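One structure is given here, and the rest of the page talks about it.
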Amino acid sequence: MVWDEWQRYRLAADRQALLQQFPGFDFFNPFGRTFVYGVYHSNTGHPYGIRIYLPAGYPDECPTTYVTEPLPLMGYTQPIVAYGTSHEMHTWASDREGWVKVCTYRPEMWSAAISIVKIVRKAMLWVTAYECHLQDGSPISRFLMDA
C-alpha cells in the first residue's frame, strides 16, 4: 500500500502513541496490507490476539478490528463468529475464517480524530465484556455503552 505524506505522518504518530501505551502492540506490513497486532492478556489472564487492519483511506476510513486468537472464540453456547452481524454481541459478519470481527466503531460514526490507541482500548473493552458474557450468556452489549 502506498501511503501519502499526511498518512505516513499520521501512522508515525499513531505508532509512537501505541508503543508508548501498549508496548505489546505494533504496526506490521507498512508497504502492503498494513495492520496493528498484539496480544492482550485479560484481567483473567487469558491471551487474546487483536488485529486491526488499516484501509487505504486511513485515517479518513474506519479500520477493521478482529479477535484472532483463540480459535475458535467460543461464546456461552456457540462460537462468537456464529452471531454474524449482531448489535447485541457488538460483532460484524466476519470476512476472515474463524476470526471475530469486532464492532469498535460504525463506519458512519468514524472520524479521523480517532486514534489507533483508542481502537485498541475498545477492542480490549470488548474482550472484557466477552468474558462477562461467558459467565451467564448475557449479550456483550449489556456490558458496553454504545458509542
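Every number in this text was worked out from the coordinates using simple rules, so none of it is lab data. Note that the structure is predicted; figures quoted are calculated from it, not measured. Positions of Cβ are generated from backbone atoms using ideal geometry, with glycine treated the same way; all protein chains shown enter the neighbour counts.
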Degrees, to the nearest 10: 5-21 long Cα axis against longest axis of the chain: 50 degrees
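Taking the Cβ of Phe27 as the centre, find all other residues whose Cβ is under 13 Å away and add up their charges (Lys, Arg: +1; Asp, Glu: -1).
After counting each charged neighbour, the total is +3.
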Computed over the Cα atoms of the chain, what is the convex hull's projected area averaged over all directions, in nm²? 8.3 nm²
As I understand it, the value is the acute angle between the Cα axis of helix 116-136 and the longest principal axis of the Cα atoms of the chain; what does it come to in degrees, rounded to 10? 10 degrees
